[in-house]
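Chemist: Have a look at the structure that comes next, please.
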Amino acid sequence: MSAGVFLVILVLSIAALMLLIMKAKLHPVFSLFSVALVMSLVMGFSFPESLVNINAGFGGTLQSLGIPIMLGAILAMGVQDTGAAKSIANFFIRLFHGKNLELAPALTGYVVSIPVFGDITTILTSNIANVLSKRKHISMGKMAAFTQTGLNLTHAMVPPTPGILAVSIMLGADLGLTISWGIVVSLIAFFVTWLALRKWTDKEFVEPVPAVVAEIEETNSDKVSDILIKGEDLPGTFASFMTILIPVFLIAFSSFVKMAIPDADSAVRGITDILGDKIVALGLGVIYTILLAIAHKASVRKSNEDVTGKDPKDFRDVVLNSWFARGMEVALPALLITGMGGAFATVIKSSPAIEGLSQVIADSGVPGLLIPFLVGVIMMTAVGSMTTAGLTAAGVIMPMMASLGLTPISTALAIGAGTMIFNHVNNSGFWVISKFFNLDLKQGLKYITIPDVVAGITCFILIFIFAAIGLF
């Protein structure tokens, strides 16, 4: 199959998927399955081969994301019931003096996503976004637009996030300089995107997730004292932040230890690898939150009763049963859609024509730094994974760097910027963000895909300028 034919099939498949979900109202899970199956058959795979690819993609995605998403959802219930979400929201209300509160979860996501898996960051920041959305009547579309832009920028541009870290190593880029310039470029791009789109995101109001904001009341006042969320038996700010910081710190520390100690057999590496595993780190976060709940039983009991209508006599029924049951209800739709999104991406990646498509772009005569950026764009559009797209693009570009006059740092960052473009339905993270920020498909394309395009293009313009004047 030629690269051109594959591109046509890809475009038609994505269009069919959108029509099934938006017009036919078919559930996203079955829409993804149907389109993935038909696309696989059209590309020449047999029916049994198509099912194998779909099953492999579905299972592989859930294998890596399933337990973390479930633990994150349980943690989210604990953050809600203990009142930690209210205390964290109050911190950001004070920090921003009650204004531009969409920056609170956005900048949290920007920092947290440097070492932490993107979907986990989404879950950890979604509580803050939902609470502030309800408190100040800010659209969840606006919250989603800037939160996911913040976390995706550092995911794409700043090591030690695994994808850009691997690309930097593959291309021979200095990690310290890549981190430094990645932060500079991505932070400027974030605020450019925020300034450009903040008014636009106000045009439609998207409600927060009802289960998360059951106890939160809206206020019209601009006074910080009036905006602050009141409540009895609320935990302190530091204790509240620890519900998020424990998993974040453990995962981040493990990443930096891996960079500092290359020897995988080191005793220190062995300990930090265990503690920094996303399942272990989130599990310890859940355990801490349970202990926090014991210290704030009144708040926990009231919140759980408001949500479930039940007040078990034994407190253990709240933290060991209700939290888990409510968390599973939140996680299940995200798990199924995320898994099937992974299946769709696997079908796309199974086509040998992807390599041909990359080569056609590389041979097109487009000058210099634009080539790694465009290859990153095409790969991200096709495979829906920043890590896979970046590594594939690096493999294509690496042999051409000398002839194109590209430096390793500029090439790595250009590829990262390209992987920001066209974050859409074949990316599992697209569905995780949509579910936890209460977006339907149309709103997801509006508040996830468009801001990422703006941010990615801004990143590339900055990289092009900095490279042209010889900064890297």
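The values are calculated or read from the model by the stated rules, or taken from the named source; none is laboratory data. The shown structure was predicted, so the numbers you read here are calculated from the model rather than taken from an experiment. Cβ atoms come from the backbone with ideal geometry, glycine included; neighbour counts cover every protein chain shown. Side chains are part of the model used for accessible areas, which takes the heavy atoms of the whole protein and leaves out ligands, DNA and RNA. Shrake-Rupley method; radii C 1.70, N 1.55, O 1.52, S 1.80 Å.
Chemist: Enter the accessible area per residue of the range 89-198 (Å², integer; probe 1.4 Å; all protein chains in place).
Modeler: 27 Å²
Chemist: Let me ask you something else. Between [x] 25, 56, 19, 1; [y] 20, 38, 28, 12, 1; [z] 21, 47, 29, 4, 0, which matches P(r) over Cα pairs in 20 Å bins from 0, in percent calculated for the structure shown?
Modeler: Among [x] 25, 56, 19, 1; [y] 20, 38, 28, 12, 1; [z] 21, 47, 29, 4, 0, the one calculated here is [x].
Chemist: Here is a follow-up. With the full set of protein chains in place, find how many percent of the accessible area of the chain is carbon and sulfur; take the probe as 1.4 Å.
Modeler: About 67 percent, which is the carbon plus sulfur part of the accessible surface.
Chemist: Now for a different question. Please list, in order along the range 448-458, the HN-Hα scalar couplings obtained from phi with the Karplus expression 6.51 cos²θ - 1.76 cosθ + 1.60 (θ = phi - 60°), rounded to whole Hz, x for Gly and Pro.
Modeler: Coupling constants for the range 448-458: 10, 5, 5, x, 5, 4, 4, 5, x, 5, 4 Hz.
Chemist: Something else about it: Just to check I understand the Karplus step: with θ = phi - 60° and J = 6.51 cos²θ - 1.76 cosθ + 1.60, what whole-Hz values come out for the range 386-399, glycine and proline as x?
Modeler: 4, 5, 5, 4, x, 5, 5, 4, 4, x, 6, 7, 3, x
Chemist: Relative to the first principal axis of the alpha-carbon coordinates of the chain, what is the inclination of helix 175-197, with its axis defined by its Cα atoms, in degrees from 0 to 90 and to the nearest 10?
Modeler: It is inclined by approximately 70 degrees.
Chemist: Give the cross-link partners of Lys23 among the lysines, using a straight C-alpha distance below 20 Å as the criterion and excluding same-chain residues fewer than 8 apart.
Modeler: Filter leaves Lys435, Lys442, Lys446.
Chemist: For a 21 Å ceiling on Cα separation, which of these pairs sit above it: Lys136/Lys223; Lys142/Lys230; Lys230/Lys313?
Modeler: Lys142/Lys230; Lys230/Lys313
Chemist: Which loop chymotrypsin sites (Phe, Trp or Tyr not before Pro) in the range 131-234, with loop taken from DSSP, have no more than 16 other Cβ atoms within 10 angstrom of their Cβ?
Modeler: Phe205
Chemist: When the chain is fully extended, how far beyond the present Cα-Cα distance does Lys313 get from Ala15, taking 0.36 nm per residue of separation?
Modeler: 102.0 nm
Chemist: Among residues other than Asp119 whose Cβ falls under 14 Å from its Cβ, what is the net charge (Lys/Arg +1, Asp/Glu -1)?
Modeler: Overall, the nearby charge balance is +2.
Chemist: Sorted by accessible area (1.4 Å probe), largest first, how do His97, His137, His155 line up?
Modeler: Correct descending sequence by accessible area is His97, His137, His155.
Chemist: Something else: Identify all aspartates and glutamates with a Cα-Cα distance to Lys25 below 17 Å; exclude those on the same chain that are fewer than 8 residues away in sequence.
Modeler: Asp440
Chemist: Per residue, how large is the accessible surface of the range 230-358? Use a 1.4 angstrom probe and give square angstrom.
Modeler: 49 Å²
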